[in-house]
Amino acid sequence: MADLYVDDVMSRPAETASADTLLREAAATLIEQDVGSVVVVDDADRIEGLLTATDFVRITRDGGAAHDATVGEFMRTDVVTTRRSAAVSEVVDAMLDQLVHHVPVVENDEVVGMVTTFDLAARLGRSL
């Protein structure tokens with residue numbers, strides 16, 4: 001994957017939500033769109049955070065959330081991001097170093113896609 005770039009493997013578009021989206025609506029997006037995360041963005045599509053399926057497991061383990069809980073209450077804000085022009089090897093290194101499975105792709109401060117471990121495995125599988 002040395003000659004591959006993020007643009008070659010990323011999923012697009014990334015599923016997004018605002019910080020005031022109800023948690024149950026974000027969960028429905030994960031299920032309906034068959035994705036493992038939603039990128040939390042502001043009105044200008046700038047990234048504010050990330051909420052993953054693993055976060056939902058943690059929320060459940062910790063006793064659940066109020067019926068009117070929002071994404072902003074539970075999102076991660078320490079999000080690893082990348083650019084379309086980045087080498088895939090850089091993203092893989094970051095994923096391994098930070099132990100993350102979802103890396104939003106950002107261009108000009110706007111979320112344009114997502115790289116996941118599934119995307120990488122699919123690319124690897126097709127190349128075998």
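Coordinate-derived values only; no laboratory data. Treat the numbers as computed from the prediction; the structure is a model and nothing was measured. Positions of Cβ are backbone-derived with ideal geometry, glycine not excepted, and every protein chain shown enters the neighbour counts.
Tabulated results
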quantity	calculated
Centre separation in Å (Cα based) which lies between region 17-44 and region 63-108	13
Reference-scaled alpha-carbon Rg (2.2 N^0.38 Å with N residues) for region 6-127	1.04
Charge dipole magnitude, Cβ of K and R +1, D and E -1 - region 62-128, Cα centre, debye nearest 20	420
Placed amide H near Val112: partners under 5 Å, 5+ positions off or other chain	Val105, Val106, Glu107
Spacing of the two label points (7 Å from each Cα toward its C-beta) at Asp43 and Glu90, in nm	3.2
Backbone HN-Hα couplings from phi across region 47-60 [Karplus 6.51/-1.76/1.60, Hz, Gly and Pro as x]	5, 10, x, 8, 10, 10, 4, 4, 4, 5, 5, 4, 4, 5
Distant-in-sequence amide H partners of Gly49 (H built 1.01 Å from N, under 5 Å)	Val40
Region 86-100 - phi-based ³J(HN,Hα) in whole Hz, Karplus 6.51/-1.76/1.60, Gly and Pro as x	6, 5, 4, 4, 5, 5, 4, 4, 5, 4, 5, 5, 9, 6, 10
FRET efficiency estimate (nearest 0.05) - Cβ-Cβ, Arg83 to Thr117, R0 30 angstrom	0.95
Distance (nanometres) between label positions extended 7 Å along Cα→Cβ at Ser11 and Asp34	1.0
